[in-house]
Structures are given as C-alpha cells and as structure tokens.
Amino acid sequence: MAFTYKHTRAACRLGNVCLALTNNLPPLLFIIFRTDYGLSYEQLGRLVLLNFAIQIAVDFACAKYIDRIGYRRPMMLAYACCTAGFLTLAGAPMLPIPIYPALAAGVMIAAVGGGLQEVMLSPISDALPAQTEKKAANMALLHSFYCWGWMGVVLLSTLFLAAFGNARWQVLAVLWTALPVTNFILFAKVPYAPALPHDNLMGVKKLFITPIFWVAMVLMVCAGASELAVAQWVSLFAEQGLGLSKLAGDLAGPMMFAVTMGIGRTLYGIFGDKIKLMPALAASAALCVISYFIIAFAPRPAFSLVGCALVGFAISLMWPGLLSLTAAKLPMGGTAMFAVLAMSGGAGCAAGPWLTGFVADLSQKSGTVGEVGAAILGHGESGLKLGILAAVIFPAAMLAILPLFGRKSAI
C-alpha cells in the first residue's frame, strides 16, 4: 500500500484522539480510584499534575532536538509509550507495590507519549501541502479531533463500565491500547512534509529574547488551566457534587464538555476565515469567566452542568487559536516554538486541576473554609465548587493579558 499525505493528515487527527485518551481516561476512573482505593482529592489531582509535569519535561526536550532528528522515530516512540502506560495502569493493582505509585507510574509512562504527540502533531499537520491557506481554521479543525476523541473515550468507556461493571476497568484500559498501536504503525509508514532548514529557524534562545513570545507563553498557561480545571473534575463533580450515577455523571459531564468544545473548534474550522481571531479569543475568555461563576453559584445542579458545557465551548478556541496567532507572528519559530508553547500549556493543564483539588481538600480539612464555602455556594459538593471557583483566576488573567498580544510594541 502506498501511503500519501492524506494518510499523514489522518494519522495526525487520530493522534489527537490518542492524546485525548491519554489525558482523559484516568479522570474517568477517578471515582473508582477514590471509592475502591481510598485516594484523596489531592492525590487524584496529583495524578493530573504528574501527567502534565512529564509532558512539560518532554516538551522541553523536544524544543531542542526534534528539528534536528526529525519526526518519524519520536512519533513511533510516542505511541509505544502510550501503549506501555495503559498496560501499566491496567496492571497496577497486581504489582507488588502500593497502588498509588503503581497508578502514577502508568500515568507517567503514557504522559511521555502524550508530550511527544502534543509537540509534533501540530507542526507535522501544519507543514502538509494544501495547508498554506486558512491555517488558523485548519489548526482548529485538527484540534477538534481531540474533542471528538474525548467524546468517544467518555461514551465508550462509560458504556463499557455500565455493561461490565467498574471492577472491569483494567480490561477497559487494555482495550484502549488498540488506538496507539494503530498510530504506531501509521507513523512508521506515512510520508512527512520537508522541514524548513534548521539553520533558518529561530531556535529556543532567540524565541526567549522575543517579548511577544513570553506573552504567548503566559496566555498558553492560562488556556491550559482554564480548560483542565473543569475538564479533569467534571466527571467526579457530576457524580458526587450533583448526586448523579456513574453512567449519568460521565454522559452529562465530560461528554457534554467534549461535545461543546468540539462544536466550537469545528465551527471555527469551517467559518474561521470570516472571524477575527483576537476578538474571538477575548470573547472566549470572557465567556469562560462567566461559566465558572455559573458552575459555582447556580442554585440548581442542572444549571451547574450548563456552566460546565459553556466552559467547553468557551475554551474551544483558546489552544489552537493561540498556536495559530503565535505561528503567524513568528513564522520561523519551527518545532521549538510549538514545543515551548505546548510546555506552557501543559504547565497550565497541571496547575488548574491541582489548584481545584487542593482548594477542595482544604475546604474539607478546614472547618471555617468549608462552612464559608457551603454557605456561599449552596447545593452539592461545595468543596469541589469552591476549588473550581478558585481557578477562575486563569481565564480572568487571559482576558487581561490578551491585549498585549496585539500590540506592535510587544514584538
């Protein structure tokens, strides 16, 4: 079979599905880890922190070396690590070590693959022929597959656990290895577009002395945190905070979040050439702030779920939009630019969920904080709502900093 750029583009899109699997399968199992193994909110948040901390470290390494060694071998390594990580996660209860380090090991191994994908999928796709026009729209469309992949992971995992029981979660983790194995084969065979000459690229040092790039990094931190502070907790929030079953909680929480995020990215992928990106990003940040307040202060559980869905739509454009804006301002940034931006976004993805979990635990341990939270936020899991409310600092900061990205003096 002769592989073409069409297969490369398909592999990149499937890659975002695999990345969604890496980031979102463990949170779907949080309620099982908490009830079966007694993990605290902070320990669950620390799993998210470890995932993105490893991805950040991988992003940093990629910034220096990927443009020199090419894409094929690192992409194959990415899917080998994802497969090994899921297998380790599945075998964690059977390992002769405490359950938490075993689970953490599986998350960390898969995170190596996640970091490699995060760095390389965007530049590989961006360099393909027929991608020279509407780059922002094409980038959004590529990243929409993360959302649809996330939706598929939630739907299929939830139906599997509903059919076979939570005790079969290890089998589920093994079955999901089919995706990274498939992409391992594809990326070993597909063609890659010729890369820009290494000597013409800016490199990490030049990027770090460019003021606009620092603004872009801070914005990526805010974007990652704004998304994951809700996304990584929405399943557990819907189940424990709103009193829903595991099946209803996963369908009403993460799946709804993924659907609204996918709709936002797909719409921009189709109509993006008619929409100015900077005002759209500002509107996204403002809607995100409003949505956080809806989650925290809504008088009824159904309204809180609407807030979660609105967050998904609000953040849909943040990550791909910022990548596209930065690439347009720094066209010779190369893979190093995408790697450092991914590293910054990963830092936000780690900080947001951890802050939510930390504040939620603090409200339970501190009688005063817990009483105040319950009095102000009312129904459901007031501690978790208080944690989500604390994370509103991220979209608010993005809204405040965005104007700097449009200033010529910042370049």
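The values are calculated or read from the model by the stated rules, or taken from the named source; none is laboratory data. All values reported here derive from a predicted model rather than from experimental measurement. FYI the Cβ positions are ideal-geometry reconstructions off the backbone, even for glycines, and counts take in every protein chain you see. Each accessible area value is taken on the protein alone, full model and side chains, heavy atoms only, with ligands, DNA and RNA left out. Shrake-Rupley method; radii C 1.70, N 1.55, O 1.52, S 1.80 Å.
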With every protein chain left in place, what is the accessible area of I97 in Å² (1.4 Å probe, nearest 10)?
80
Please name whichever of A248, S122, T260 sits farthest to the positive end of the charge dipole of the chain, dipole taken about the Cα centre and charges placed at Cβ: Lys and Arg +1, Asp and Glu -1.
S122
Linear extension gain, K205 paired with A286, 0.36 nm per residue minus alpha-carbon span:
25.8 nm
Relative contact order for segment 245-321 using alpha-carbon pairs under 8 Å, separation at least 6, rounded to a whole percent?
46
Electrostatic dipole magnitude of segment 1-134 [Cβ: Lys, Arg +1; Asp, Glu -1; Cα centre; debye, to 20]:
340
With a 1.4 Å probe and all protein chains kept in place, how do S245, S304 rank by accessible area, largest first?
S245, S304
Let me know the charge dipole size of segment 34-84 about its Cα centre in debye, to the nearest 20, where only the beta-carbon of Lys, Arg (+1) and Asp, Glu (-1) is charged.
240
If you put +1 on each Lys and Arg Cβ and -1 on each Asp and Glu Cβ, how big is the dipole of segment 59-189 around its Cα centre, in Debye rounded to 20?
220
Order by accessible surface, 1.4 Å probe, largest leading, for residues L386, L161, L155 comes to L155, L386, L161
Calculate for the chain the 222 nm mean residue ellipticity that helices alone would give, adding -39,500 (n - 2.57) per DSSP H run of length 4 or more and normalising by residue count, nearest 500 deg cm²/dmol.
-26500 deg cm²/dmol
Nearest-10 value in Å² for the accessible area of D36, using the 1.4 Å probe
90
Span-like helix ranges in the chain, DSSP H, alpha carbon extent 27 angstrom or more, Kyte mean at least 1.6
211-231, 277-297
Protein accessible area in the chain, 1.4 Å probe - carbon and sulfur %:
70
Go through 219-231, 331-343 and give me the packing order, highest mean Cβ count within 10 Å leading.
219-231, 331-343
What spacing in nm lies between the two simple spin-label points modelled at A400 and A10, each 7 Å away from Cα in the Cβ direction?
4.8
Dipole of the chain (Lys/Arg Cβ +1, Asp/Glu Cβ -1, origin at the Cα centre): which of L389, V17, A229 lies farthest to the positive side?
V17
Quote the relative contact order of the chain in percent (integer), defining contacts as alpha-carbon pairs under 8 Å separated by 6+ residues.
26
Roughly what would the spin-label model give for F271 and A302, points 7 Å off Cα along C-beta, in nm?
2.7
Sorting check: for 391-399, 81-89, which peptide has the highest mean count of neighbouring beta carbons within 10 Å, and how do the rest follow?
81-89, 391-399
According to a simple spin-label model (label point 7 Å from Cα along Cα-to-Cβ), what is the distance in nm between I32 and A163?
1.5
